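Undergrad: Here you go, one structure.
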Amino acid sequence: VSTDTCGRSLAFSGGQVYYTTPYSYYTSQCDTTLTYLDAYAPATNTVARTDWQDFGKLQLEAGPGDRMLMGQPLNSAAADPFLTVYDAGGGSLVRGAARRFADADGTGALNLKDMAFSADGSKVAVADASAGTRLLNTGDLSDAAEGYWALPAGAVASAVAFGGDGKYI
């Protein structure tokens with residue numbers, strides 16, 4: 001496809017493969033182009049465009065219990081990027097919790113670099129290059145009480161994962 005120049009993000013959840021489809025002829029537009037969320041169902045060998053899309057290099061992450069995260073990296077077409085949890089069970093996406101992080105003055109917007117679910121699915125960790133690493137409750141994406149310790153001076157959050165003991169790193 002002549003518009004397949006930006007790469008994709010993939011996640012397998014609820015028996016389907018979800019993937020982003022950015023629409024751009026030029027790589028210079030990848031960070032701000034309109035990106036669709038599409039699905040492939042291996043059981044029926046069908047492809048479908050979901051009703052979800054937004055601007056930029058949308059990121060996907062599968063989690064336990066047929067959950068999936070979609071996050072929007074900061075870009076000039078999205079001044080207040082989002083993070084959303086979906087339920088992918090039952091063959092279609094149902095949007096659950098969603099959050100934007102900017103305050104009324106527009107400061108504090110999410111600068112998403114990576115995201116991960118805890119093994120039990122109760123928490124979401126987000127590497128935010130502006131605010132450090134955030135630990136959120138999956139149900140409503142509120143800040144988790146445990147929080148995350150501060151990064152060393154000058155460090156920027158760029159990746160996050162959960163260890164085998166359930167703690168995030």
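Undergrad: If you count, for each residue, the other Cβ atoms within 10 Å and average over each peptide, how do 106-112, 88-94, 122-128 line up from highest to lowest?
TA: 122-128, 106-112, 88-94
Undergrad: Here is a further query. Out of residues 5 or more away from LEU74 or on other chains, whose amide H comes under 5 Å of its own, with H placed 1.01 Å from N in the peptide plane?
TA: The answer is LEU112.
Undergrad: Relative contact order, percent, of the chain when contacts are C-alpha pairs under 8 Å separated by at least 6 residues? Display every interim value, and only then the final one.
TA: Working: 426 pairs, mean separation 23.5, N = 169.
Worked out over the chain, it gives 14 percent.
Undergrad: Could you state the accessible area per residue of the range 70-109 in Å², with a 1.4 Å probe and every protein chain left in place?
TA: Details: 1840 Å² over 40 residues.
With the other protein chains kept in place, the range 70-109 gives 46 Å² per residue.
Undergrad: Would you grab the residues whose amide H sits under 5 Å from the one on SER13? Only those 5+ places off in sequence or on another chain, please, with H modelled 1.01 Å from N.
TA: TYR18
Undergrad: Quick one: Cα centre-to-centre distance for the range 89-130 and the range 133-167, in angstrom?
TA: When both Cα centres are located, 11 Å separates them.
Undergrad: Roughly speaking, to the nearest percent, how much of the range 38-106's 1.4 Å accessible area is carbon and sulfur? Walk me through the numbers on the way to the answer.
TA: On the way: 1640 of 3500 Å².
Here it works out to 47 percent.
Undergrad: Tell me which residues come under 5 Å, amide H to amide H, from ARG67 once H is placed; ignore anything under 5 positions away on its chain.
TA: Amide H to amide H, under 5 Å and 5 or more residues apart or across chains, ARG67 pairs with ALA88.
Undergrad: Quick one: length gained pulling TRP149 to ASN75 fully straight, 0.36 nm per residue minus the C-alpha distance?
TA: Details: separation 74, 0.36 × 74 = 26.64 nm, distance 2.67 nm.
Taking 0.36 nm per residue and subtracting the Cα distance, the gain is 24.0 nm.
Undergrad: While we're here: Note the full-extension length gain between ASP140 and LYS167 as 0.36 nm times their separation in residues minus their Cα-Cα distance, in nm to one decimal.
TA: 7.7 nm is the gain from fully extending ASP140 to LYS167.
Undergrad: A further question follows. 7 Å from Cα along Cα→Cβ at both VAL156 and ASP4: what's the point-to-point distance in nm?
TA: Here the modelled spin labels are 3.1 nm apart.
Undergrad: Please give the charge dipole size of the range 65-111, origin at the Cα centre, charges +1 on K and R Cβ atoms and -1 on D and E Cβ atoms. Round to the nearest 20 debye. Can you show the working numbers first?
TA: Numbers: 4 positive and 5 negative charges, 24 e Å.
It comes to approximately 120 debye.
Undergrad: Separate question: Ratio of alpha-carbon Rg to the 2.2 N^0.38 Å globular estimate for the range 1-128, to two decimals, please.
TA: 1.05
Undergrad: Towards the positive end of the charge dipole of the range 105-154, with charges on Cβ (+1 Lys, Arg; -1 Asp, Glu), say which of LEU141, ALA109, ALA153 has the farthest Cα.
TA: Checking the options against the dipole of the range 105-154, the answer is ALA153.
The values are calculated or read from the model by the stated rules, or taken from the named source; none is laboratory data. The structure presented is a predicted model; accordingly, all values stated were derived computationally and were not measured. Ideal geometry is used to build each Cβ from the backbone, glycine not excepted, and the neighbour counts take in all protein chains shown. Accessible surface areas use protein heavy atoms only, side chains included; no ligands, DNA or RNA. Shrake-Rupley method; radii C 1.70, N 1.55, O 1.52, S 1.80 Å.
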